[in-house]
Each structure stands twice: as structure tokens, then as C-alpha cells.
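Encoded as C-alpha cells, the structure appears first; notes follow it.
The values are calculated or read from the model by the stated rules, or taken from the named source; none is laboratory data. Computed from a prediction, not measured in an experiment: that's the story for all the values here. Here the Cβ is made from the backbone with ideal geometry for all residues, glycine too, and neighbour counts use every protein chain on show.
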């Protein structure tokens, strides 16, 4: 089934937009479209009428004389079935119901209303997204339910049953340079469900990687088929919510899903070489690795940073994940030693430039030596929280990125950056800018030693399994 | 051995303080003492003389006519042995050598110099801290090697072989309300080592909890004895660096320690009911739990927050760690339902107040109901990144903390707070202030769902083992 009509609507109506409270969170549906410069026709509907952001609010759907491709429903659940019937006469093909209060409540009335909505939609050949979700984000068609998401398009398709988790992921992903082809928060999945979207992503040439936060399946058989198909050509990342007894109960209350058996998910992921993760941050970690970290020849890392204790910790994290931090050969150490004072610097790998500031030429020389060493498959640069921006700026990754040099700066080997975030206000701006600087230039940026090691291992394991299975 | 003379010096000399570069990081030794208002005599020594921060710099030690209890050595390694001999005539009892370039280099000259320093010190009955470390922090005596550490005293003793890790830990601990009796960064442990400090902490009435970042042992037998003794009365947390082959090599280059066998550490920790952790943040997580989270009767949590997806994720994290998130009894759910609209709110536990703002009275009523329920042992409140300060302020923990109510606010059950940190500048200040608000009022604050679950499980397991062993 071709869901292009869901992601590329020519006209949108927001029905039930609040005219009173400009700070209400649902205003983001409008500001998202306005700030993304949605080029289609945009209608607002509220019986009170008036104007919002220079757009006249229609008092009823009747005032709109033209076709409405796509309706965003912000009305109460009780009014939802009627809205379906009304828009049927406007040629509407899809309604996204943001509204909650349906089957996820577990109460009779909510279950009845959802059934009524779905029956009316089926009758009129209208597809439903949700209810109880945030809908579609497609920078390609300039549709977004938030003005805060990245405006540039990318190659990642994202499915999320949770709207809140969608927003959380997007904030981190945006900062770290991850860009999406299209994404959808689909909540209760009353009509369009995980299998529909996954099938679409499999066929969508603009989607090359797929990630999902999923709480349960509406159509397990078709999902499995879609997963088998897509995983043969595109990497897939799954974060499954509701893997414990209590979590499964929360899932039932959140999106009315059946969480399913953990063992089934586990074997499904193993069978189709799915990258399984355990948090939203881990989804982004894997996405930056797949997207921004050229596959290295092997698992041997050379690590460069400032701090002996940090060098010990990051090495432990990498080696615990089956990555290797091999000792540099003595001839390279001797060469580095020629221009590096011994006090405060560890040269064996990690290369710890603790002595601090003003040694750009040394870092360059060292990187050139490491670049020529066959034993190094990739390079990891770390900057601890608190070292940015003072130390970070001085020994920063700009040396790796200079356009005058070969490959990814002065090294042709893949490079990853760990830039620890800081919670302390005096350090935050510098840290944020440093992260953004590298992420914007296409380097994979991680927030912690552990997350870098975990994600790089996961992605290398994915490639290794793929190679093995042929 | 009584090391009070290390932590309570009556006079301090900083020898080799830089007079040129006011931004050099070693200036923190001076600004630490100045900002902590160290009440003893403070001398600065540099052959160039002059004045720093209103203090006259002595051109030589001879200019100081009085006893110097404690010397901070910032001179090059090559000059270190001579300094020991010089200060012997000043009645000095302890020298802290910040200087690196000793045995940790693995080079002959460094090893020889360290040996020479130690022999001279022994001859003159002077104890050495380090070399290659940052030394002592003791808010009680107003000694600190950084102006950024907490000025208030607490009940935690902290040992760190790494100075950088000491600083990293202290930044997070300070923000989250953790306070220390005394702490020491002791580097190569050439003279005073882990066993000396641990024995001291065992006898120190001001130290009730001990945490350590340790890379290797200088005196394994005595350390083991000290650990056995202290762990029978005080909780001990250990983060061991260098548990992999590469990590062990980094340890050798960092503090010239032998990392030791991982299995030995593992069995040592099990035998003495040591809380073993894997990162600096995890040390702080356990410290806030031990210090600020009253031991609950059992493992049953009621979780309150905003967001269905978040509710699912936090429940999974808690139950994976063997904590329980039991369903609320139907009569309590029915009572909550009376004043809570069904749409967008999950009431079973987690109690998810997604509907947003302005429902202080509802949260109060709900907490009162939960407080009366025998099935709840403790309460966890979460605020996601991005919900602070808007949602966070409205549904914040101030309801739990009101002095007019019983116990810890309006609930007598232990309360923990998860406040996700944000890396996005517009949210950072609000998040930081919210964290600080609760931490300053004695609530345990965690940065993530996972860290809260992990730390609470670790501390409950510690108590359970203690009970079992009697």
C-alpha cells in the first residue's frame, strides 16, 4: 500500500485548535506547519472563529469550499465519530486524531468511541492515524507537528507509538545531526499500524534506515513479514517498551497494546539481525553510528583525550564491549615521545594529552603517525565535561576535520567523538556548541564513554552478522 | 595511624606556584584555599617573588621563618628530592606532590626520582601524598584544591587515585547535594596509600560512608584488612578502574599501579558486602541513595510523572532491576478517577498526569491516597527533560516537601526524584534549578530512569545482604 498521501498532503485542516490559550501545547501543530513553511493549503477550524497567527479560523468545516487531504483532530473523543462523517464530504483521505480518551483508557466508553470512529472511517474510505498520538513529521513535504524538529531531510524513517518519546528522541537526534526522511507517532494504531508504516518504509527510496519505539503489535503476522523484507536491505533498530510485567501493564494503559512475549521479540531481532536497544538515547547512538561513522576495517581503536582516569575508564568501557584498545608499537611511541614531554602524558593508547593547552602541532603529528599504523582501525576522541570549552577548544576535533587534509581531516580512518554533556550552567553553552560543531560536520558525537562503546559494538556486530549470513 | 595531621594542617606552603599565567590550572590550589577561607598560615614560594592575590610570594623557603605543616609541591619532578630535604628543616610533616613525571611514566628517570623522593621523605619522617595527584579536600578544615567543591561538610569519605575523576565526581556530587567529610586524590600512592586512608576513614567519626575510585593496590593485604573492618560498620562503594586488558595497561601508565585480577575484586566485594559500581555517576547515584533516601520497607514503588511512553520506560527499568511497580488497588484508582479526567491520564501505577498543567490539588489528593496504601513502599517522581521548567514547576515535587505536612512533605514514605538533565540551552537553566531545588532540600535526585533504578536496587541489596548476614 502506498502511504504517500499520508506524508505528502496537499492541504491540511486543524480541527479544534484552541483559540484561547496561545501557550497550550497543541499550538505546536500550527507553529510546526508555519515554521516549516508548509506549502499546501492550511485551514483552522474552531466554532469560536477569529484569527490565529494571521490565519482566519473557520467556524465550521462548511466554510471550507475545497478538498482537505489531511485532517488533524484536536476535538474531544466524544465528537470524533461525527468529525469522520463530516470530513468524508471534503474528500479527506486521512485523519490524525491527537485526541486521547479512547481504548487506551480501558473504559467502556472509550473503547466504544474508538470502534465507532474506525467503522465510520472504513465506511468512507478514510485512514486513521492514532488515535492518541502526535502524527506525522516529514521534512520533505514540510509537515511537522513541532517547530523544534530538524528542518532538513535525512534518510531515517522513525516509528513511535509514543508522542512523548518521539519528542524526546527528536531533541537529542536534532542536536547530534541525525536527519529523517519521515516519522510518525501513531499511538493506539486503531487503523494504520506498525505493519503499514514498516511496509511503506521498505518501499520508500528516501528511507534507508529504520528505527522504532514500539509498545505492542496490532498485526503481528504482517509486521513480521514486513520486518523480514525490510531488514534484508535496510538496517532496523528496535526499542521495545513493556518488557516487564509492570511495563506491559503501563503499555496497556498508554496505547492499549498487548506488549507481547519478550522471548518472541528477542528471537525475532536475532533472526532478522535487528539492532535491539534499551533506551531512546541508544536509538540515537546507533543512528549516528550508522549514519556518520564509516565502517572501520576492524575493532581496534586508538583513543585520544585528556585525563589519565578518563583514559582508564573509556578503555574499560570499550574492551568490555569487545572492542580493542591495542598498545601502540614502540617505534610510534618513541616518535611521539620526541616532541611530547613525559610528565602528565600517557602515550601508549589511549594517548592522553593531559598537559593541556597549546599543542596543536603535536596532536597533528600524532594523528599522522596513528593514521599510518595498520593496527588502528578507527580513532576515538574524547572531551570530558568541564574540559569544554577551555581544553576542548584547544585540542578539539577541528584538527581532524581540516579540508586541506585527506579523508576525514588529517586522518583517513573513521573518527568518533565523545563529548560529555555538562549539567553545570557555566559549562553548558561551550559543551553544546562543541557538540553541535562536530555533529553539524558529520562526525558521530556521543554523550558518554559507555554509549560510544555500546553503539559502535552494536553497529559492528550488525555488519559482522550481515557478512556472515551473506 | 592517625592521619589528622594530613587533613588538619595548621600551615600550608604552595611551592612552585606559577606567577606568570593566572589562568594556569594549578592556580586552583591557591584559589581553593582562599575561597574556602583557610584559617591557617598560607605561604607561596617561587624564585621570581612578587605578589599573587595580595599575598607576598617568598623567593625561597628560607624566607619563611616558621613551621610549615603541609607543603604542596608544584615544582618539576627533577627538583622534588631536593624539596624534601629543604622542608625537613621547616618541621613539615606531609608533602603533597602534584607533580607528574615519576614512576607512572614507566621510564628509568621517573622511577629513580620517585624512589629518591620516598627515601628522603622516610629519612626525615615526612609523609608523601602522591606524587602525580591533586591531594586533599577537607571542608571541615577548609582545605580544598579547587574553589568549585562544596564548602559544607558531610559524612562521606572519598578516595580517588585519579585527580581528573575526583573533579568530575565532585561536580556532579555537589549539584546533587552530596557532602564530604574528607577526600583525597592520591595518584601513584608512593607512600601514603589506599590502606592508610581506608584505615583512617574507619576510625574517623566524621566519616560514615566511604566511596573510592581505585586503579590498583600498593598494599593489598592491609587494604583487605581495612576493608573488612570498615565494611562491618560503614557502607563502602568501589569503582574499580582497569578491569580489562587495555584498561590495566592504561592504569599502569596513569598511576603506575598494578590493576590486579578482576575476579579477586569481585569476590572481595561480595565477601564484604561492598557496593560495586561501574562509573563515577554511579558512585554519586549510590551516595544520594544512601544519604537522602530513607530505607523503604520493601521494593514496591509507586511512580508519578508525565507521559505514557516515559511511564512504560521507567517501569521497565525498575522491574528489570527487581524493583516492583504494582498495580494500584481498584478502590484507589476509582477514587483518583473521581477528580481526574480519563483522557491522557494513566492511573494504575505509574500514575501518569499527562494532561499537563494546573492540577496541584489533584496531585495532593493522589499522594494522600497512595500514602495510605500499604502496597506502596516508596514513591518515585519523574520529570522528563523538556518538561522542566514548564510542566516541572507546575507538578513539581514542592507538593511532597511542604513543611506543613507530615514526614517528607505530604507523604511519610520515602521519595526519590528523577529529573532528566537537558543538553539544550533553552531548557538547561530550568532543569538545573529544579535539580538543585530538590537536592538542596535533601531529596535524592537522579539524572535518568536507569540510574535511579540501578542505585535504589544496589542500596536495597546492600541492606538486604546486611540483614541476612546479621
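Of A:93, A:142, A:127, which residue is surrounded by fewer than 23 Cβ atoms within 10 Å (Cβ to Cβ) and in contact with a strand residue (DSSP E or B) (Cβ under 6 Å, 6 or more places away or on another chain)? Selected residue: A:127, the only one of A:93, A:142, A:127 that is surrounded by fewer than 23 Cβ atoms within 10 Å (Cβ to Cβ) and in contact with a strand residue (DSSP E or B) (Cβ under 6 Å, 6 or more places away or on another chain). Answer with yes or no whether residue A:409 is within 14 Å of chain B (Cβ to nearest Cβ) and either in contact with a strand residue (DSSP E or B) (Cβ under 8 Å, 6 or more places away or on another chain) or modelled with pLDDT under 85 (or both). No: the conditions fail for residue A:409.
Based on this model, can you work out whether residue B:67 counts as within 14 Å of chain A (Cβ to nearest Cβ) and in a loop (DSSP other than H, G, I, E, B)? No: the conditions fail for residue B:67. Residues of the range A:423-448 that are over 21 Å from residue A:314 (Cα atoms), more than 7 Å from every other protein chain (Cβ to nearest Cβ) and not in a helix (DSSP H, G or I): A:441, A:442. Which residue, of B:92, B:99, is closer than 19 Å to residue B:126 by Cα, in a loop (DSSP other than H, G, I, E, B) and modelled with pLDDT under 95? After applying the criteria, what remains is B:99. The set of residues from the range A:325-346 being more than 10 Å from chain B (Cβ to nearest Cβ), closer than 27 Å to residue B:75 by Cα and in a loop (DSSP other than H, G, I, E, B) comprises just one member, A:340.
Here the range B:46-64 is the region considered, the condition is being touching a strand residue (DSSP E or B) at 6+ places or on another chain (Cβ under 6 Å) and in a loop (DSSP other than H, G, I, E, B), and the residue that is nearest to the other protein chains (Cβ to nearest Cβ) is B:46.
Residue by residue through the range B:5-23, note down the ones that are free of Cβ contacts under 8 Å to residues at least 40 places away in the same chain and surrounded by 14 or more Cβ atoms within 10 Å (Cβ to Cβ).
If the condition is that a residue be free of Cβ contacts under 8 Å to residues at least 40 places away in the same chain and surrounded by 14 or more Cβ atoms within 10 Å (Cβ to Cβ), then B:19 is the only one that fits.
One residue stands out in the range A:127-149 among those that are within 13 Å of chain B (Cβ to nearest Cβ) and either farther than 25 Å from residue A:87 by Cβ or under 14 Å from the mean Cα position of the chain (by Cα) (or both): the one that is modelled with the lowest pLDDT, namely A:148.
Out of the range A:168-184, which residues are away from chain B (no Cβ under 14 Å) and surrounded by fewer than 24 Cβ atoms within 10 Å (Cβ to Cβ)? Hits for the range A:168-184 are A:179, A:181.
Residue A:165: surrounded by 24 or more Cβ atoms within 10 Å (Cβ to Cβ), touching a residue at least 40 places away in the same chain (Cβ under 8 Å), within 14 Å of chain B (Cβ to nearest Cβ) and more than 14 Å from the chain's Cα centre (by Cα), yes or no? Taking the combined requirement at face value, the residue does not satisfy it. In the range B:256-286, the qualifying residues are those that are at pLDDT below 90 and in contact with a helix residue (DSSP H, G or I) (Cβ under 6 Å, 6 or more places away or on another chain), and the one that is nearest to residue A:341 (Cα to Cα) is B:256.
Restricting the first member to the range A:130-142 and to residues that are in contact (Cβ under 8 Å) with a residue 12 or more places away in the chain and at negative phi, and the second to residues that are surrounded by fewer than 20 Cβ atoms within 10 Å (Cβ to Cβ) and part of a strand (DSSP E or B), the beta-carbon pairs closer than 8 Å and six or more apart or on different chains are A:139/A:153; A:140/A:153.
Scanning the range A:302-319 for residues that are more than 9 Å from chain B (Cβ to nearest Cβ) and more than 15 Å from residue A:448 (Cβ to Cβ) turns up A:302, A:304.
Could you say which residue among B:268, B:287, B:280 is away from every other protein chain (no Cβ under 14 Å) and surrounded by 22 or more Cβ atoms within 10 Å (Cβ to Cβ)? Result of the check over B:268, B:287, B:280: B:287. Filter the range B:49-59 down to the residues that are at pLDDT below 95 and over 21 Å from residue B:37 (Cα atoms) and list them by number. Residues satisfying the conditions are B:49, B:50. Hey, any hits in the range B:240-250 for a residue that's more than 13 Å from chain A (Cβ to nearest Cβ), more than 16 Å from residue B:133 (Cβ to Cβ) and free of Cβ contacts under 8 Å to residues at least 24 places away in the same chain? So far as the range B:240-250 goes, no, none of its residues is more than 13 Å from chain A (Cβ to nearest Cβ), more than 16 Å from residue B:133 (Cβ to Cβ) and free of Cβ contacts under 8 Å to residues at least 24 places away in the same chain. Among the residues of the range A:112-126, the ones that are farther than 19 Å from residue A:185 by Cβ, touching a residue at least 24 places away in the same chain (Cβ under 8 Å) and within 14 Å of another protein chain (Cβ to nearest Cβ) come to 1 in all.
Residue A:106 meets all of the listed conditions (1) without any contact (Cβ under 8 Å) to a residue 60 or more places away in the chain; (2) within 14 Å of chain B (Cβ to nearest Cβ); (3) surrounded by fewer than 24 Cβ atoms within 10 Å (Cβ to Cβ) but one, namely (1). The numbered conditions (1) at pLDDT 95 or above; (2) more than 9 Å from chain B (Cβ to nearest Cβ); (3) not in a loop (DSSP other than H, G, I, E, B) are all true for residue A:322 except (3).
Out of all the residues in the range A:209-229, which are away from every other protein chain (no Cβ under 14 Å) and under 18 Å from the mean Cα position of the chain (by Cα)? Answer for the range A:209-229, where residues must be away from every other protein chain (no Cβ under 14 Å) and under 18 Å from the mean Cα position of the chain (by Cα): A:209, A:210, A:211. Quick check on the range A:185-199: of everything there that is more than 14 Å from chain B (Cβ to nearest Cβ) and under 30 Å from residue A:445 (Cα atoms), which residue is surrounded by the most Cβ atoms within 10 Å (Cβ to Cβ)? In this case the residue turns out to be A:197. With respect to the conditions (1) away from chain A (no Cβ under 14 Å); (2) not in a loop (DSSP other than H, G, I, E, B), residue B:233 falls short on a single one, namely (2). Residues in the range A:272-318 that are free of Cβ contacts under 8 Å to residues at least 40 places away in the same chain and within 29 Å of residue B:313 (Cβ to Cβ): A:276, A:278, A:316. Counting residues in the range B:385-403 that are buried (at least 23 other Cβ atoms within 10 Å of the Cβ), touching a strand residue (DSSP E or B) at 6+ places or on another chain (Cβ under 7 Å), modelled with pLDDT under 80 and under 15 Å from residue B:294 (Cα atoms) gives one or more.
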